[in-house]
1. Among the residues of the stretch 301-321, count how many are modelled with pLDDT under 85 and surrounded by 12 or more Cβ atoms within 10 Å (Cβ to Cβ).
2. Looking at GLY39 and the list (1) at positive phi; (2) in contact with a Pro (Cβ under 9 Å, 6 or more places away or on another chain); (3) modelled with pLDDT of 90 or more, which single condition is not satisfied?
3. Do you know which of the residues in the stretch 276-288 that are among the β-branched types (Val, Ile, Thr) and either under 13 Å from ALA216 (Cα atoms) or within 39 Å of the chain's Cα centre (by Cα) (or both) is most open to solvent (accessible area, probe 1.4 Å)?
4. Need the failing condition index for ALA162 against (1) open to solvent by less than 40 Å² (accessible area, probe 1.4 Å); (2) over 29 Å from ILE386 (Cα atoms), just the number.
Amino acid sequence: MNTVIAFIIIFGALVFFHELGHFIFAKRAGILVRDFSIGFGPKVFSHTKNETNYTIRLLPLGGFVRMAGDDPEMVEIKPGHRIALVLNDDNLVEKIVLQGKDRFPNARIIEVEMADLEHDLIIKGYEDEEDETLKTFHLSRTAVIVEEQAETLIAPWDRQFASKKLGARAMTIFAGPMMNFLLAIVIFTLLGFIQGVQVNEPFIGELLPEGSAHKAGLQEGDVVLSIDGAEISDFDDITEIVRSHPEEELIFTVERNEETLDVPVTPKREIIEDKEIGLIGVQAPVDKSFLRLATFGFVETYNWTVKIIELLGTLVTGQFSIDMLAGPVGIYKTTETAAQAGILILMKWAALLSINLGIMNLLPIPALDGGRLLFFGVEALRGKPIDRQKEGMVHFIGFALLMVLMIVVTWNDIQRFFIIK
């Protein structure tokens, strides 16, 4: 149960901040955001405020921000339709009733001749079959379409995603992955303030009480100059020598309070992953200076981003294996391991997942944010957007292929973790 809770919290947080990026920059651009949803499937919670319907759904494996004009969600009102119009005190249409007209006794029933709900915001039609006078009704910018007791705001052209300048649209899409990188920076920074920043310098860090280093007389802060005469330049040198000499006495030459001391230490023998190594119970030194802590989140996020991109580079070199990918099942199992290791390891795992989510969404693959940014790049070169139907078809095919890949990866995860061979 702890793993389930940790998985839901972590995945929910990653999706929330990703979609929050899209949401914030869509609002800044003046785009009408219809839905802000975390999860997929049946609704668990729903609340509408300031034009947007906020929902939490049963399966915490994704989310979406639905923007006006970004999908064909609007009902088209065609000539010949009989609809009811509810007017406000300014004689502007505030409700366009498609079904359930009897619930609005004061509405004006018309047969539509033409309707423009985007640009001119007018509906023309005939109120009486015997009266051939064509009447024009002007719409409020906040008019709603009523269908099956559900109300949907109309979207004037200037409130739609496609109406915005290329830069604003690109930033709205890029903001999702950007928020994932920012979240990773925040998490790593918090970890730095909690436990300090590990540094690779030739100092003795925290000593474990049961370790042979503590029993031999080494102290935290000792500067290791050499071990058995071998010069030491960083903490990795200490680790390498100690691990390669289990149960062998080593002479640590250290500097303490401007004095040079020789301290004999015998590493204990331990078996880790079927390999015999030596351990002395010394942790790497940490730096808690403000400058180091303030930059740690940025540095760590950058370093892990480079590592993950290099790993993705194996796709090009042919070194890629399906086992290198993990779906929800694989992520769940790794989350279980991280949760057992403690809250700090779990936080680091969340930061790495956030970076992964940001990078994967920036890949130029249709249906992902990177795919949409690629289309924006083509639009910038052409000087005009690609036909929306053609772009939509490309994204649909990309989404279908991604779903197939997800099924394959999930089945592979199930075989790896649950099926005994």
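The values are calculated or read from the model by the stated rules, or taken from the named source; none is laboratory data. The shown structure was predicted, so the numbers you read here are calculated from the model rather than taken from an experiment. Reconstructed Cβ throughout: ideal geometry from the backbone, glycine too, with neighbour counts over all protein chains shown. These area figures cover heavy atoms from the full protein model, side chains too; ligands, DNA and RNA do not enter into them. Shrake-Rupley method; radii C 1.70, N 1.55, O 1.52, S 1.80 Å.
1. Applying the first criterion (modelled with pLDDT under 85) to the stretch 301-321 yields 311-321.
Restricting the remaining residues to those that are surrounded by 12 or more Cβ atoms within 10 Å (Cβ to Cβ) gives 311-312, 314, 320.
Within the stretch 301-321, residues that are modelled with pLDDT under 85 and surrounded by 12 or more Cβ atoms within 10 Å (Cβ to Cβ) number 4.
2. Unmet for GLY39, out of (1) at positive phi; (2) in contact with a Pro (Cβ under 9 Å, 6 or more places away or on another chain); (3) modelled with pLDDT of 90 or more: (3).
3. We begin by selecting, within the stretch 276-288, every residue among the β-branched types (Val, Ile, Thr); these are 277, 280, 282, 286.
Going one step further and asking which of them are either under 13 Å from ALA216 (Cα atoms) or within 39 Å of the chain's Cα centre (by Cα) (or both), we end up with 280, 282, 286.
Numbers: ILE280: 10, VAL282: 34, VAL286: 74 Å².
Among those residues, the one meeting the criterion is VAL286.
4. Status for ALA162: all satisfied but (2).
Conditions tested, residue by residue: (1) free of Cβ contacts under 8 Å to residues at least 12 places away in the same chain; (2) in a strand (DSSP E or B); (3) within 30 Å of ILE187 (Cβ to Cβ).
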position: HIS214; (1), (2), (3): no, no, no
position: ILE238; (1), (2), (3): no, no, yes
position: VAL242; (1), (2), (3): no, no, no
position: PHE252; (1), (2), (3): no, yes, no
position: THR260; (1), (2), (3): no, yes, no
position: LEU291; (1), (2), (3): yes, no, yes
position: THR301; (1), (2), (3): no, no, yes
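Condition check ((1) β-branched (Val, Ile, Thr); (2) open to solvent by 80 Å² or more (accessible area, probe 1.4 Å); (3) within 17 Å of ARG159 (Cβ to Cβ)) across all residues:
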{"position": "HIS18", "(1), (2), (3)": "no, no, no"}
{"position": "ALA26", "(1), (2), (3)": "no, no, yes"}
{"position": "LEU32", "(1), (2), (3)": "no, no, yes"}
{"position": "ILE56", "(1), (2), (3)": "yes, yes, no"}
{"position": "LEU85", "(1), (2), (3)": "no, no, no"}
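The rows are residues; the columns are (1) among the acidic types (Asp, Glu); (2) within 30 Å of PHE181 (Cα to Cα); (3) open to solvent by 30 Å² or more (accessible area, probe 1.4 Å); (4) in contact with a helix residue (DSSP H, G or I) (Cβ under 7 Å, 6 or more places away or on another chain).
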site	(1), (2), (3), (4)
LEU218	no, no, no, no
LYS268	no, no, yes, yes
ASP274	yes, no, yes, no
LEU291	no, yes, yes, no
THR295	no, yes, yes, no
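Every residue, every condition in (1) within 21 Å of the chain's Cα centre (by Cα); (2) among the acidic types (Asp, Glu); (3) at pLDDT 85 or above; (4) open to solvent by 40 Å² or more (accessible area, probe 1.4 Å), yes or no:
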position: ALA341; (1), (2), (3), (4): no, no, no, yes
position: LEU344; (1), (2), (3), (4): yes, no, yes, yes
position: MET347; (1), (2), (3), (4): yes, no, yes, yes
position: ASN356; (1), (2), (3), (4): yes, no, yes, yes
position: MET360; (1), (2), (3), (4): yes, no, yes, yes
position: ASP387; (1), (2), (3), (4): no, yes, no, yes
position: TRP411; (1), (2), (3), (4): no, no, no, yes
position: PHE417; (1), (2), (3), (4): no, no, no, yes
